[in-house]
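Worksheet for the structure shown next.
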Amino acid sequence: MGTKEKQSVSQTKRDWENNTLKETLDKSPERRERFITTSSRPIARIYTPIDIADFNYEEHLGFPGQYPYTRGVYPTMYRGRLWTMRMFSGFGTAEQTNTRFRYLLEQGQTGLSVAFHLPTIQGYDSDDPMSKGEIGVCGVAVDSLADMEILFSHIPLNKVTTSMTINAPAAVLLCFYIAAAEKQGVSSTQIGGTIQNDILKEYQAQKTWIFPPDPSMRIITDILQFCTKKVPRWNTISISGYHIREAGATAVQEVAFTLANGLAYVQAGVDAGLKVDDFAPRLSFFFDSHLDLFEEIAKFRVARRVWAREIQDRFKAKNPRSYLLRFHTQTAGVSLTAQQPENNIVRTTIEALAAILGGTQSLHTNSMDEAWALPTEKAATIALRTQQILAHESGVANTIDPLGGSYFIEALTNEMEEETYRYFDRIEKLGGVVEAIKKGFFQREISDSAFRFQREIEEKERIIVGVNEYVTDDQLEIPVLKIDPEVERTQLARLQKTRKTRNNQKVDQLLGQLQRAAEGTDNLLPHILAAVREYATVGEICNALRDVYGEYQEPIIF
Amino acid sequence: MTETRKIRVLIAKPGLDGHDRGAKVVARALRDAGFEVIYTGLRQTPEQIAETALQEDVDVVGLSILSGAHMRLFPEIMQLLKEREMADVLVIAGGIIPEDDFEPLKKLGIKEIFGPGTPTGEIVDFIRKHTK
Amino acid sequence: MAPDTTELVKHVLKGNRRAAARLMTLTESLSPEAHAAIKQLYPYTGKAHIIGITGPPGSGKSTLVDKLIEKYRSHNLSVGVVAVDPSSPFTGGALLGDRIRMNRFASDHDVFIRSMGSRGHLGGLAWATMDVVHILDAMGKDIIMVETVGAGQAEVDIVQLAETVVLLSVPGLGDDIQTIKAGIMEIGNIFAINKADLDGADRRFVELQSALSLGQEGDGWEPPILKVVATTGEGIEDLVKAIQDHHEYLVESEEIVKNRERRCYAQLETIIERSFIRKLLMDPDERTLFDKLVAEVDQRKTDPYTAAERLILHLIKTPKK
Ligand SMILES: Nc1nc2c(ncn2[C@@H]2O[C@H](COP(=O)(O)OP(=O)(O)O)[C@@H](O)[C@H]2O)c(=O)[nH]1
Ligand SMILES: [Mg+2]
């Protein structure tokens, strides 16, 4: 915008403020003194060309499928192909989940998604005292290759792709999968899928860590190296902002911390001797979509723009596929209320809309009861239908980045981008992501935001319908999660049998070798795979590594 | 300089889940209400929780769990408290707990279960009212 | 509804954990019953080795205490720990998180850990910390470790309480060089540079060495400087040995007598001060006089010294009711 035009708009705005606006305000003030987003960001009364005075279309936006990808990573976006409507599932024993998987595959689904029970996620076997009460509760129980074979029996692992939500013991579960494929005669170069494998956000938010950050980062670079050579179709890290946001972070914190984590992984890979273009295309992202429509849309645009720029500038990547920030989105579990649960359908709709307008590659819409239990079939169907209505009836998928050029959206995008870089600076000053974790930086930032959010609700600076306003007696009855005691019995029996029938001497020997590799610099994956093939359990492998690395102690942050 | 008895609260996290957002928000709110709050950290066993409650001589034990293992772990915690002559301590719970479990849990001696979205002020008031 | 303190004391002496915990709560409220109980317990104290752990917040005090517990337990010694965290001056509330680091001992009945809010007391401890230590001592704990608030500057209380004080510092920017200059060095019997896995530990070592040599008197105990890594346990063995050495030095040189007398002196002084002030503030008659004198000082009818003398005289002369 030219200087003259700028001056003219500024003048007109001042006139408007002093006359038209003032008259109205004198008569009736605004509803609030301060208007804020879900992230407590103050929002102005109106946005005009002045707010994006330095706006440069080509530099800031460009075209979809082109640098800096602000408007989208693909040239045709949803006009070419709609986002993937991926719904998550997983429960009980390996047998039960296998039955469910085979049903889904018969229905034409090609991608599977596994949620593991908490003991597996924490690297404990089902018979560990720590596992009491948790067996098969929040996901499927997997202790050893024996379980994995059942989980994927009669499922051709060269034909399907599998996404596994697993972090601290990701290397072990990946090896289970490879070994299960081998049993089917499928080699590791033929399998495809994803492990979450994002340990940094565990320390920051989700908190299912095992080892301290430094050895954890080494395990991750081992995975990157191993997969680049041996499992080329595997998506090695799904860099996740979702859990950071759910733990209470603001939108900017979500995007800034997630990108900082992503850049730390790339740096670690490069430091380990990998070429950025060899592994960056296999990194993908996972974000939350919250209720504040415009702030969320701006967040997704910031993410794409900053990632492309940093991968290009910092790491000198040449392959454009390295620049692309492809992401999966889940609507915000924390925004769901137990009060008047049907309202959650509306909330999820708005959040899904934000993800679509923000250019997501795949989307999980929460069912209205999802934060508290396995969704009922009806609730899950409505959630899926919500996506279909948005895709086919609303018209929002007809054009690419429809809000591009909006004064508000562009101003917000720029502002959030600046704040992201400010966080990058602070993290840098603390010595990088890992050091900042040890100092409790992220944890404190997130905890402060969570506390502020709660206070705003209690002081009614923030209205949550059905919670602190428009309250009725209508409460979600959280259904009882019926855990069949049989699940625990079956699992413990199988584990015991595995321990009896395998070659224990061999297992001990391989675990010893793994420990020596952990003390040295050998890539751990071949050692883990060797132990896994002999039916070493996830708990045994993690304990062997615990002996070497110790367990992480988090800084005490409230 | 003789102080009125200060309310001491143990905020404990049994179960394997890492969701401490709620526990920490509550801990801070209780601190701001003038209580002394002892936080156990994540993934504590029933034995650790009961013994901490004893050594810290707390007036209140707040259990936060989201993993779904409460029906296995809570009875054990209540039993271990009883064994330590701490049956009179006020035990409250929060997290994700189905309504159907309320009654059996209350029978065990858990005084109140605060569902998701409970204002922290309500928890503070409840504690004030039920401790001497 | 005062609990039967004699009964409590009896149980404490038998090592009953519940009774000890309850008595600690009583002492925290500074009640007369609690003081009565301490009177009964006092003859049974004086056996434990009391170790103070002090140093800036985040320097790794709690982590170090955890590792020390492990070592002492491996020698089959029973351990008591008192960990003090700051109370909010505005609400009186406190978040006490030190014991998170020591959770693995939560079910070891020979380890007793107690968290305390400082409750308005400055100096790194709470008013009742001394009493809680007495209770642990009377319970029969062999080793008692006291972790201070860690606010830096004014943490001198710990010398009144502990026989051996371990002062922690960490490598890094020169902020605790300031504490060295402020004279806090004088309270340490042993200097531990924690987080020796980080850069700068050697530099910190040299800094400490030169700071120490300045204040050295020549003979007697020469405070050792040790590098430790509390997270991994590196150097803990040496630290335990240094603590033991200090204790032996105290005994052999008969410094222990001086050390004990000094600590008793300070404790007595504290109690007298506290009792005087409490009497002034709690007794309605005294309080009236006190308030009257405050007003007079303010109006320049008298000065603070004269006012204090009058009050003290009044207190001494007033016969006990
Ligand atoms: N690198 C390193 N970190 C340590 C060491 N000791 C403690 N820490 C970390 O420092 C932080 C503060 O420790 P804490 O024991 O709570 O300190 P306190 O406040 O002095 O009690 C924690 O995150 C510890 O893990 C050490 O020797 N090396
Ligand atoms: Mg501490």
I'd like to know how region C:266-317 sits against the 2.2 N^0.38 Å rule of thumb: what's its Cα Rg over that expected value?
1.18
Whole-Hz ³J(HN,Hα) for each residue in region B:101-111, computed from phi via Karplus 6.51 cos²θ - 1.76 cosθ + 1.60 with θ = phi - 60°, x for glycine and proline: what do you get?
8, 4, 4, x, 5, 5, 4, 5, x, 6, 6
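Relative contact order for region A:367-485 using alpha-carbon pairs under 8 Å, separation at least 6, rounded to a whole percent? Let's see the in-between values first.
Values: 38 pairs, mean separation 26.4, N = 119.
Computed over region A:367-485, the figure is 22 percent.
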Taking Cα atoms, the helix A:343-357 axis meets the longest principal axis of chain A at an angle in degrees (rounded to 10) of 80
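Cα gyration tensor of the protein assembly as shown, axes a ≥ b ≥ c as square roots of the eigenvalues: rounded (a/c below 1.5), prolate (a/b > b/c) or oblate? It would help to have the intermediate numbers written out before the result.
On the way: a/c = 1.74, a/b = 1.43, b/c = 1.22.
Verdict is prolate for the protein assembly as shown.
Ignore the peptide's own chain and count Cβ atoms of other chains within 10 Å of each Cβ in A:448-459; give me the average, rounded.
Values: counts 1, 0, 6, 8, 0, 2, 9, 5, 0, 3, 5, 0.
Across the residues of A:448-459, the mean count of other-chain Cβ atoms within 10 Å is 3.
Express the accessible area of the protein assembly as shown per residue in Å², computed with a 1.4 Å probe while the remaining protein chains stay in the model. Numbers along the way, then the final one.
On the way: 43180 Å² over 1011 residues.
In whole numbers, the protein assembly as shown has 43 Å² accessible per residue.
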Name the residues of region A:110-153, by number, that are at least 50 Å² less accessible with every protein chain in place than in the isolated chain; the surface is that of heavy atoms, probe 1.4 Å, without ligands or nucleic acids.
A:Met130, A:Lys132, A:Glu134
List the residues of region B:54-79 whose accessible area drops by at least 40 Å² when all protein chains are present, compared with their chain alone, using a 1.4 Å probe and counting only protein heavy atoms.
B:Leu54, B:Gln55, B:Glu56, B:Asp57, B:Ser67, B:Arg72
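What range in chain C is the longest one free of chymotrypsin sites (Phe, Trp or Tyr not before Pro) that are in a loop by DSSP and have at most 15 other Cβ atoms within 10 angstrom?
It works out to C:91-220.
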Which percent of the accessible area of chain A is formed by carbon and sulfur heavy atoms (probe 1.4 angstrom)?
51
In chain C, carbon and sulfur make up what percent of the accessible area (probe 1.4 Å)?
56
How large is the accessible surface of C:Leu289 in square angstrom, using a 1.4 angstrom probe and rounding to the nearest 10?
40
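On full extension of the chain, what length is gained from A:Lys460 through A:Asp214, given 0.36 nm per residue of separation minus the C-alpha to C-alpha distance? Mind showing how you got there, number by number?
Details: separation 246, 0.36 × 246 = 88.56 nm, distance 4.29 nm.
84.3 nm is the gain from fully extending A:Lys460 to A:Asp214.
Over its Cα atoms, what ratio of radius of gyration to 2.2 N^0.38 Å does chain A give? Don't jump to the answer; show the numbers that get you there.
Details: Rg = 24.7 Å, N = 558, 2.2 N^0.38 = 24.3 Å.
Chain A yields a ratio of 1.02.
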How much net charge surrounds B:Arg8 when only other residues with a Cβ under 10 Å from its Cβ are counted (Lys, Arg +1; Asp, Glu -1)?
-3
Please list the non-local residues whose amide H lies under 5 Å from the amide H of C:Lys227, H modeled 1.01 Å from N, same-chain partners needing a gap of 5 or more.
C:Ile193
Is there a pair in A:Lys438/B:Lys13; C:Lys47/C:Lys141; B:Lys24/B:Lys107; A:Lys201/A:Lys439 whose C-alpha atoms are over 20 Å apart, and which pairs would that be?
A:Lys438/B:Lys13; B:Lys24/B:Lys107
About the Cα centre of the protein assembly as shown, how large is the charge dipole given +1 on each Lys and Arg Cβ and -1 on each Asp and Glu Cβ? Please answer in debye to the nearest 20.
1280
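Taking 20 °C and 1.002 mPa s as the conditions, I'd like the Stokes-Einstein D for chain C in µm²/s, using the Kirkwood hydrodynamic radius from alpha carbon pairs. Each step should come with its number before you reach the end.
Details: Rh = 21.2 Å.
The diffusion coefficient I find is 101 µm²/s.
Over every pair of different alpha-carbon atoms in region C:1-44, take the mean of 1/r and invert it; report that Kirkwood radius in Å. Working shown, then result.
Values: mean 1/r = 0.0992 Å⁻¹.
Taking the inverse mean of 1/r over all distinct Cα pairs, region C:1-44 comes out at 10.1 Å.
Net charge around A:Glu182, counting only other residues with Cβ within less than 11 Å of its Cβ (Lys, Arg = +1; Asp, Glu = -1)? Working shown, then result.
Values: positive: A:Lys183, A:Arg533; negative: A:Glu149.
Residues near A:Glu182 contribute +1 overall.
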Quote the relative contact order of region B:60-132 in percent (integer), defining contacts as alpha-carbon pairs under 8 Å separated by 6+ residues.
35
Cβ-Cβ cut-off under 12 Å around A:Asn366, Lys and Arg +1, Asp and Glu -1: the net charge is -4
Taking only C-alpha pairs under 8 Å that are 6+ residues apart, what is the relative contact order of chain A in percent?
18
Vicinal HN-Hα couplings computed from phi for region A:377-385 (Karplus, 6.51 cos²θ - 1.76 cosθ + 1.60; Hz; Gly/Pro x)
4, 5, 5, 5, 5, 4, 4, 5, 4
Could you work out [θ]222 nm for chain C from helices alone, using -39500 (n - 2.57) per DSSP H run of at least four and dividing by all its residues? Round to the nearest 500 deg cm²/dmol.
-15500 deg cm²/dmol
Averaged over peptide B:25-35, how many Cβ atoms belonging to another chain are found within 10 Å of each residue's Cβ?
6
Determine the total buried accessible area between chain B and chain A, counting protein heavy atoms only with a 1.4 Å probe; round to the nearest 100 Å².
3100
Given H placed 1.01 Å from N in the peptide plane, which residues other than close sequence neighbours of A:Ile478 have an amide H under 5 Å from its amide H?
B:Glu99
Relative to chain C, whose Cα atoms define the longest principal axis, helix C:255-282 and its Cα axis are tilted in degrees, nearest 10, by 40
From DSSP H assignment alone, runs of 4+ in chain A each adding -39500 (n - 2.57), the sum over residues rounded to the nearest 500 puts [θ] at 222 nm at -15000 deg cm²/dmol
Round to the nearest 10 and report in Å² the accessible area of A:Asp128, as given by a 1.4 Å probe over the protein chains' heavy atoms.
40
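For region B:1-101, which whole percent of the accessible surface, found with a 1.4 angstrom probe, sits on carbon and sulfur atoms?
Details: 1370 of 2780 Å².
That share works out to 49 percent.
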Would you grab the residues whose amide H sits under 5 Å from the one on C:Ser115? Only those 5+ places off in sequence or on another chain, please, with H modelled 1.01 Å from N.
C:Ala83
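Would you please classify the overall shape of region A:479-538 from the alpha carbon gyration tensor, given that a ≥ b ≥ c denote the square roots of the eigenvalues, rounded means a/c under 1.5, and beyond that prolate means a/b larger than b/c while oblate covers the rest?
Numbers: a/c = 4.31, a/b = 2.01, b/c = 2.15.
In terms of gyration-tensor shape, oblate.
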Segment A:Ser40-A:Thr376, length gained on full extension (0.36 nm per residue, minus Cα span):
117.6 nm
Gap in Å between the Cα centre of region A:481-512 and the Cα centre of region B:66-132?
34
Sort out for me the Cα centre separation of region A:314-372 from region A:137-167, rounded to whole Å.
25
Reduced to Cα centres, the span from region C:243-303 to region C:1-51 in Å works out to 22
Classify region B:9-120 as rounded, prolate or oblate, taking a ≥ b ≥ c as the square roots of the eigenvalues of its Cα gyration tensor: rounded when a/c is under 1.5, otherwise prolate if a/b is larger than b/c and oblate if not.
rounded
What does the buried accessible surface come to for C and B, summed over both chains, with the probe at 1.4 Å? Round to 100 Å².
3000
For region A:398-405, 3J(HN,Hα) per residue [Karplus equation, 6.51 cos²θ - 1.76 cosθ + 1.60, θ = phi - 60°, Hz, x = Gly/Pro]:
6, 10, 8, 6, x, 8, x, x
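The values are calculated or read from the model by the stated rules, or taken from the named source; none is laboratory data. All values reported here derive from a predicted model rather than from experimental measurement. We place every Cβ from the backbone using ideal geometry, glycine too, and count neighbours over all the protein chains shown. Quick note on the areas: whole protein, heavy atoms, side chains included, nothing else; ligands and nucleic acids left out. Shrake-Rupley method; radii C 1.70, N 1.55, O 1.52, S 1.80 Å.
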